[in-house]
1. I'm told residue 250 meets every condition in (1) open to solvent by less than 60 Å² (accessible area, probe 1.4 Å); (2) more than 21 Å from residue 108 (Cα to Cα) except one. Can you identify the failing condition by its number?
2. On the given criteria, is residue 261 of a type in the set (Phe, Trp, Tyr), in the same structural domain as residue 298 (by TED's automatic domain parsing) and touching a helix residue (DSSP H, G or I) at 6+ places or on another chain (Cβ under 6 Å)?
3. If residue 123 satisfies all but one of (1) within 16 Å of the ligand (Cβ to nearest atom); (2) surrounded by fewer than 23 Cβ atoms within 10 Å (Cβ to Cβ); (3) small (Gly, Ala, Ser), what's the number of the condition it fails?
4. Tell me, yes or no, whether segment 63-81 has at least one residue that is surrounded by fewer than 16 Cβ atoms within 10 Å (Cβ to Cβ), modelled with pLDDT of 95 or more, outside the structural domain of residue 269 (by TED's automatic domain parsing) and of a type in the set (S, T, N, Q).
5. Residues being of a type in the set (A, V, I, L, M, F, W, C), open to solvent by 50 Å² or more (accessible area, probe 1.4 Å) and away from the ligand (no atom under 12 Å from the Cβ): count how many of those fall in segment 215-239.
6. If the requirement is being surrounded by 19 or more Cβ atoms within 10 Å (Cβ to Cβ) and away from the ligand (no atom under 13 Å from the Cβ), which of these qualifies: 50, 84, 97?
7. Return yes when residue 197 is within 13 Å of the ligand (Cβ to nearest atom), open to solvent by 60 Å² or more (accessible area, probe 1.4 Å) and among the acidic types (Asp, Glu) and no when it is not.
8. Do we have any residue at all in segment 254-263 that's part of a helix (DSSP H, G or I), out of contact with any strand residue (DSSP E or B) (no Cβ under 6 Å at 6 or more places or on another chain) and touching a residue at least 24 places away in the same chain (Cβ under 8 Å)?
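The values are calculated or read from the model by the stated rules, or taken from the named source; none is laboratory data. Since the structure is predicted, the reported quantities are computational estimates derived from the model, not experimental observations. Cβ placement follows ideal geometry from the backbone for every residue including glycine, while neighbour counts extend to all protein chains displayed. Please note that ligands, DNA and RNA were not included when accessible areas were found on the heavy atoms of the full protein model with its side chains. Shrake-Rupley method; radii C 1.70, N 1.55, O 1.52, S 1.80 Å.
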Amino acid sequence: MGRARHVGRGGEPQDEQREAFLWQAGHCEGRSQLYAELCRRFAGDPRVGALADGWEGRVPLQILGGLNYLVLGGEASWDDVDAALDEHGEFLRRFVAEQPVQTNEVQRSWVLLPLFLHAVGSADLHVVELGASAGLNLLWDRYRYRYEAGSWGPEDAPLELGGEERGRLPAGPLAERPRVRSRVGIDRAPVDAASEEGARLLRAFVWVGQQERLARLDRALEALRAEPPPLVRADAAEELPNVLAGLPGDGIVLVFQTSLFEYLAEDARERIRETIDTAERDLVFVASGRPRGVPRAWGMRIYRPGGRREFVGHADYHGTWLDYEL
Ligand SMILES: C[S@@+](CC[C@H](N)C(=O)[O-])C[C@H]1O[C@@H](n2cnc3c(N)ncnc32)[C@H](O)[C@@H]1O
């Protein structure tokens with residue numbers, strides 16, 4: 001995962017396939033050795049080339065996710081990827097065509113929380129997540145967080161999140177206690193994580209070998225099953241104005257997105273920013289996006305109505321480190 005990639009400027013499909021997999025290999029390096037190796041191998045494999053009609057977006061991750069989905073169901077093995085490609089080509093082709101990448105990474109809540117507290121203080125909140133997937137990050141206030149400056153969240157939380165602070169956070173925001181009055185996620189393909197099928201899908205998009213991520217996901221799924229968040233099946237840019245119109249007038253609306261903008265066309269991103277800019281109420285939008293000179297990282301921004309924008313620093317796109325100036 002990462003920021004937008006440009007492939008295939010007039011190139012042949014094989015060149016686009018190669019470029020897409022080598023780009024993804026760079027992202028997997030140091031995070032999933034198996035995926036990094038497979039990406040390099042798949043870069044020139046014509047069987048893999050036949051699984052997709054184009055190489056825009058995150059097709060390599062969809063192919064790896066489809067393979068992992070089969071492995072998790074006992075239908076294929078990482079020890080014989082050739083057999084999986086030979087026997088399950090049709091399934092993988094359909095998976096790539098129909099299944100968007102569903103990396104619902106709850107560790108991202110650790111890089112979001114300081115920005116939420118900085119932006120909204122101790123207000124009453126109506127929370128809206130765009131591209132929520134199963135909604136694991138929509139439940140951010142139910143988790144416990146560790147930072148060098150202190151902790152935040154219920155002591156008996158089912159999940160405790162920590163990470164690497166490259167820039168030390170101030171203690172001030174950790175004293176804030178916002179209250180979530182309502183929450184809703186918008187996703188064009190929401191995942192019902194309370195079902196076995198939904199849980200398998202989310203696990204399939206955890207990169208193989210990342211045991212800590214998998215364990216964290218399982219704990220988050222358990223917490224979610226106690227009270228799943230409401231999710232609306234819709235396009236985020238289209239639905240956001242309707243959702244905002246239906247919210248009570250009191251409190252602050254906290255809209256956020258991680259890892260959605262890189263899947264949207266520029267006009268959809270612009271529509272969302274315009275909805276935020278023209279909102280006539282107390283509202284903040286916390287978003288991951290392009291970094292400023294830091295490779296393979298997110299630049300984190302806070303948007304407010306009237307076109308006010310604040311660049312607050314960088315974070316890892318799986319939420320393992322942050323570097324903010326708050
Ligand atoms: C990579 S996942 C990220 C999930 C979650 N935001 C996170 O950070 O863990 C991207 C999500 O965006 C959703 N998505 C993609 N395009 C969308 C659109 N146009 N409108 C709403 N959701 C969309 C996908 O279905 C998927 O759930």
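1. If we test residue 250 against (1) open to solvent by less than 60 Å² (accessible area, probe 1.4 Å); (2) more than 21 Å from residue 108 (Cα to Cα), just (1) comes out false.
2. In short, yes.
3. Condition not satisfied by residue 123: (1).
4. Yes.
5. Number of matching residues: 1.
6. Going through 50, 84, 97 in turn, the sole match is 84.
7. No.
8. Looking through segment 254-263, at least one residue is part of a helix (DSSP H, G or I), out of contact with any strand residue (DSSP E or B) (no Cβ under 6 Å at 6 or more places or on another chain) and touching a residue at least 24 places away in the same chain (Cβ under 8 Å).
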